[in-house]
Amino acid sequence: MATFQAQVEGLTGLSIGTSPTTSELSQFLKDGVADVINKCIIINPRDRENFSRESAEQTSNGFNPGSNDIISVLREDGTNNQWYPCRKENIGLQYRVTDTSSLHYASKYSPVYMISQNRNIHVYPEPSASGNDTFKVLYVNYDAEETDGTDLQHDSTGIKWFPDDKIYLVIMYASIQSLQNAMSAKLLPDDISFPSIPSSLSLSSVPSVPTISDNNVSFSSTAPTYSGPTVVPNFGDAENWISVEEDPEMLAGRIQTINSQINEFQAKVQDAVQSFNKENVEYQAQLQVAIQNAQLSQSDDAQKLQKYSAEISSYQNDNQSKIAKFNADLQSYTSEVSSKLQDYSAKIQKAITDYGWMESRAKLLMAKYEGAFAAMVGAQPKAQAAPQQVRR
């Protein structure tokens, strides 16, 4: 025969081990035994004997059957196996039932029993180990056991002191409780974890624009000017001696003087030219220096512009590379988050589906469980009504 665990798993579709555990299932089976007993007795009190258990013969008071539902207590009258039923009395008469002068006196032919604290049974006259004065108790058994007398467990296959035709109700009860246990443990998944967000985009600094010179040819010297002799030879009186006076001697002397003045004038002109040439050479030299400086400055500006262009190119390439990497990281992050969300949504949907199936299965089993007891109620014979008298 299949174990109770296997039968519960067959009814519920669960795998017993976590929710519920095998220990919890064992407890559900024991609770099911008690529930079925109580419901059956409520429906038909005469069914108490179907769940009864007889204790061993007790030789002293204080026996605890583990049940509040005592069917009967029997005491020997001093002869082996001659049993007399005990009537129930209140524990407050504990002394008076031993007083031979009391109306409540209990003899071995009219014994009594009382229930003290913790459901302990006391019989009077008190039992003894000798003289065939023992007692035994017939009670409704709630201490569920396997058919071999061991404790009822999830791997049991039968129930002692229990009618076989009611065992399926115990399995059904345990199945309902197992489903409810699994439903209470069916929490929405909380194991979603998102990847780290890509760090913020940090671009390189823009290169500084270089300062460019105006490249003008400028220097402090001024261009030289020619400054010739201001006094030139005067030939006026020579004209007079030739045209008017017609004096050859005076004319010859005058010409000699003029020649001297011309020579002097030529010397001064030569000096002025040499001075101009010298100043002009110095000016041209300074001009060439200024031109070369301007050319050098222009070359330096070109180098600055070339360097700036290279820096701009590097800046653009570097930032484009950073932007491309950031976009790739962002795309990867988005894809991973989307994948995790889809996986999480699937888990949630599965949890909801599983919960809904277990809920509907528990309701179905509960309906069958309650229906079985409703059928027992309907099967009970109805009390016959008293015949009505017919008036004449």
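The values are calculated or read from the model by the stated rules, or taken from the named source; none is laboratory data. Worth saying up front: this structure is predicted, and the values here are computed from it rather than measured. No Cβ is skipped: glycine too gets one built from the backbone with ideal geometry, and neighbour counts run over all protein chains shown. Quick note on the areas: whole protein, heavy atoms, side chains included, nothing else; ligands and nucleic acids left out. Shrake-Rupley method; radii C 1.70, N 1.55, O 1.52, S 1.80 Å.
Taking the numbered list (1) open to solvent by less than 40 Å² (accessible area, probe 1.4 Å); (2) at pLDDT below 95 in turn, D164 passes all entries but (1). So which residues in region 133-148 are open to solvent by less than 40 Å² (accessible area, probe 1.4 Å), within 23 Å of C40 (Cα to Cα) and either touching a Lys or Arg at 6+ places or on another chain (Cβ under 8 Å) or in a loop (DSSP other than H, G, I, E, B) (or both)? If the condition is that a residue be open to solvent by less than 40 Å² (accessible area, probe 1.4 Å), within 23 Å of C40 (Cα to Cα) and either touching a Lys or Arg at 6+ places or on another chain (Cβ under 8 Å) or in a loop (DSSP other than H, G, I, E, B) (or both), then Y139, V140, N141, A144, E145, E146 are the ones that fit.
For region 3-39, residues that are open to solvent by 50 Å² or more (accessible area, probe 1.4 Å), touching a residue at least 24 places away in the same chain (Cβ under 8 Å) and not polar (S, T, N, Q) total 6.
For the residues S130, S72, S101, S156, the requirement of being closer than 30 Å to C40 by Cα and in a loop (DSSP other than H, G, I, E, B) singles out S156. Of the residues making up region 50-77, those that are open to solvent by 60 Å² or more (accessible area, probe 1.4 Å) and under 23 Å from N118 (Cα atoms) number 7.
Scanning region 2-59 for residues that are within 14 Å of Q177 (Cβ to Cβ), in a loop (DSSP other than H, G, I, E, B) and in contact with a helix residue (DSSP H, G or I) (Cβ under 7 Å, 6 or more places away or on another chain) yields a total of 4. Taking the conditions (1) at pLDDT below 95; (2) in contact with an Asp or Glu (Cβ under 9 Å, 6 or more places away or on another chain); (3) more than 17 Å from R119 (Cα to Cα) in turn, Y84 satisfies each one other than (1).
Looking across S26, S72, one residue alone is touching a Cys at 6+ places or on another chain (Cβ under 9 Å), under 30 Å from L169 (Cβ atoms) and either of a type in the set (A, V, I, L, M, F, W, C) or modelled with pLDDT of 95 or more (or both). It is S72. Taken over region 312-326, the criterion of being open to solvent by less than 60 Å² (accessible area, probe 1.4 Å), in contact (Cβ under 8 Å) with a residue 24 or more places away in the chain and farther than 8 Å from S204 by Cβ is satisfied by I312, F326. Summed over region 112-132, residues that are in contact (Cβ under 8 Å) with a residue 60 or more places away in the chain and surrounded by 13 or more Cβ atoms within 10 Å (Cβ to Cβ) total 6. Pairing residues of region 43-66 that are on the phi > 0 side of the Ramachandran plot with residues that are open to solvent by less than 70 Å² (accessible area, probe 1.4 Å) and of a type in the set (S, T, Y), at Cβ distances under 7 Å and at least 6 apart in sequence or on separate chains, gives G66/Y142.
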